[in-house]
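The values are calculated or read from the model by the stated rules, or taken from the named source; none is laboratory data. In this text, all values refer to a predicted model and were calculated from it rather than measured experimentally. In this analysis, Cβ positions are derived from the backbone assuming ideal geometry, glycine residues included, and neighbour counts consider all displayed protein chains.
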Amino acid sequence: MHIHFLGTSSGVPSQTRNTSSTAISFDKTKSWVMVDCGEATQHQLQKSPLSFFYLDVICISHVHGDHCYGLPGLFSSMAMNGKKSAVHLIAPKEVISWLHATFHMSDTKLNFDLITHDISEMAGSSDFNFCDIEVIPLKHRVSSFGFKVSEKLIPKKLKIEKLTKDGIKSGPHYNKLQKGEDVEFGSELLLSKDYTFQSWQTRRVIVCGDNEKPTLVANWCYDIDVLVHESTFTHSDLHKVGFHTGHSDAKRVAEFAQLHQIPTLILTHFSVRYHGEHGLECLRLEANHCYCGNLILAEDFFIFSIEKIKLHLEK
């Protein structure tokens, strides 16, 4: 499972950072997920290992342009380059309406199905064939959300000892059980979940939109491997801005990650005031003072791979 940073700036782009976009790809499928799509994200994709032919789900955290202005161009290029498979768009209804108006005004025709989901009406987990996505309400100047992405398609291993103990000899049914299928064996129905276990522990990441209250993520972070959270300012600079930004600072995000023992914290969405050589050091120092885990300050095109924790004991 891999986290790709396509844009790590807040508000506007700079010479070294584009506006917000983060992607999540997986080991056992070419399908991938995009969270936010700032202006020129399609240009960033051309410099990455990702292909929009396999972009299956796009999540937009809120209506601000640095998180969604790249959508019309991206969809248009996907259509002109011959994408056929459907795309799910989880977004505020205002973004969905704006997109349809833009397509109409520009006479843009999509040759793939765009399946839209109003984010305000989503509850619980959305089950896609390669991942699960949970929507997390956050706090910003407008309605904003985060997304908890959990991988699926994890290969299964057989519980050989249990199969032997239950008198179930080897045969084609072993292969079916390992693929997750329930099978008939004599007069019995063998349930795959009873005779298999995952090859590795499910990997999970939370990617947040703009959010001034990291504590809102608390109920979702107990089993995650990585938290990706905006850190637009340092704590002192946030209070110097002079108006309500609706953003977080490195200190508060780091304190939250330390309190909840999150293994890896990746900060992103940095104000342009910190761009350039050594510009992020003040943010890094502030976060390191509060957090003892694996701290990363993302750069455009940085890829973080979540290691597999293999499961060896039969369960």
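If I go through the stretch 251-273 residue by residue, how many of them are touching an Asp or Glu at 6+ places or on another chain (Cβ under 9 Å) and either under 14 Å from V228 (Cβ atoms) or without any contact (Cβ under 8 Å) to a residue 24 or more places away in the chain (or both)?
Within the stretch 251-273, the subset touching an Asp or Glu at 6+ places or on another chain (Cβ under 9 Å) is 251-254, 262-264, 267-271, 273.
With the extra rule that they be either under 14 Å from V228 (Cβ atoms) or without any contact (Cβ under 8 Å) to a residue 24 or more places away in the chain (or both), the set shrinks to 253-254, 262-264, 267-270.
Counting residues in the stretch 251-273 that are touching an Asp or Glu at 6+ places or on another chain (Cβ under 9 Å) and either under 14 Å from V228 (Cβ atoms) or without any contact (Cβ under 8 Å) to a residue 24 or more places away in the chain (or both) gives 9.
Of all the residues in the stretch 14-59, those that are polar (S, T, N, Q), closer than 15 Å to H4 by Cα and in contact with a helix residue (DSSP H, G or I) (Cβ under 9 Å, 6 or more places away or on another chain) number 9. Taking every residue in the stretch 144-164 that is free of Cβ contacts under 8 Å to residues at least 60 places away in the same chain and of a type in the set (K, R) and pairing it with any residue that is surrounded by fewer than 18 Cβ atoms within 10 Å (Cβ to Cβ) and assigned to a helix (DSSP H, G or I), at least 6 positions away or on another chain, the pairs with Cβ-Cβ distances below 7 Å are K156/Q178. Filtering the stretch 234-269 to residues that are in a helix (DSSP H, G or I) and either in contact with a Lys or Arg (Cβ under 7 Å, 6 or more places away or on another chain) or modelled with pLDDT of 95 or more (or both) leaves H235, A250, K251, R252, V253, A254, E255, F256, A257, Q258, L259. Filtered by the rule that a residue be buried (at least 20 other Cβ atoms within 10 Å of the Cβ) and either more than 18 Å from Y274 (Cβ to Cβ) or not small (G, A, S) (or both), the stretch 236-256 gives H247, D249, K251, R252, V253, F256.
Being in contact with a Lys or Arg (Cβ under 7 Å, 6 or more places away or on another chain) and not in a loop (DSSP other than H, G, I, E, B) is the filter here, so list the residues in the stretch 296-310 that pass it.
To start, the set of residues in the stretch 296-310 that are in contact with a Lys or Arg (Cβ under 7 Å, 6 or more places away or on another chain) comprises 297, 300-301, 306.
L297, the sole residue that qualifies.
Counted as qualifying within the stretch 125-218 are the strands (runs of 3 or more DSSP E) with 2 or more residues that are over 19 Å from the mean Cα position of the chain (by Cα) and more than 26 Å from C59 (Cβ to Cβ), namely 156-158, 183-185, 188-190, 196-198. Considering (1) out of contact with any Gly (no Cβ under 7 Å at 6 or more places or on another chain); (2) aromatic (F, W, Y); (3) closer than 30 Å to F270 by Cβ, the lone condition that F145 does not fulfil carries the number (1).
For first residues located in the stretch 274-287 and assigned by TED's automatic domain parsing to the domain that holds V12 and over 16 Å from E255 (Cβ atoms), partners that are of a type in the set (S, T, Y) and assigned to a helix (DSSP H, G or I) and lie 6+ apart or on another chain with Cβ distances below 6 Å form the pairs L280/Y274.
Of S51, S85, S76, S20, all but one fail to be within 21 Å of the chain's Cα centre (by Cα) and crowded, with 16+ Cβ neighbours inside 10 Å; the exception is S20. The set of residues from the stretch 292-311 being touching a Phe, Trp or Tyr at 6+ places or on another chain (Cβ under 7 Å), more than 23 Å from T16 (Cβ to Cβ) and hydrophobic (A, V, I, L, M, F, W, C) comprises I309, L311. For the stretch 61-95, filtered to residues that are touching a Leu at 6+ places or on another chain (Cβ under 7 Å) and among the aliphatic types (A, V, I, L, M), the residue that is farthest from S51 (Cα to Cα) is L89. The single condition from (1) farther than 26 Å from A86 by Cα; (2) outside the structural domain of H67 (by TED's automatic domain parsing); (3) not polar (S, T, N, Q) that G180 fails is (1). Only one residue in K308, K240 is in contact (Cβ under 8 Å) with a residue 60 or more places away in the chain and of a type in the set (K, R), so which one is that? One residue alone meets the criteria, K308. Remark: S126 matches the filter, which requires a residue to be closer than 30 Å to K176 by Cβ, at pLDDT below 95, surrounded by 14 or more Cβ atoms within 10 Å (Cβ to Cβ) and among the small types (G, A, S).
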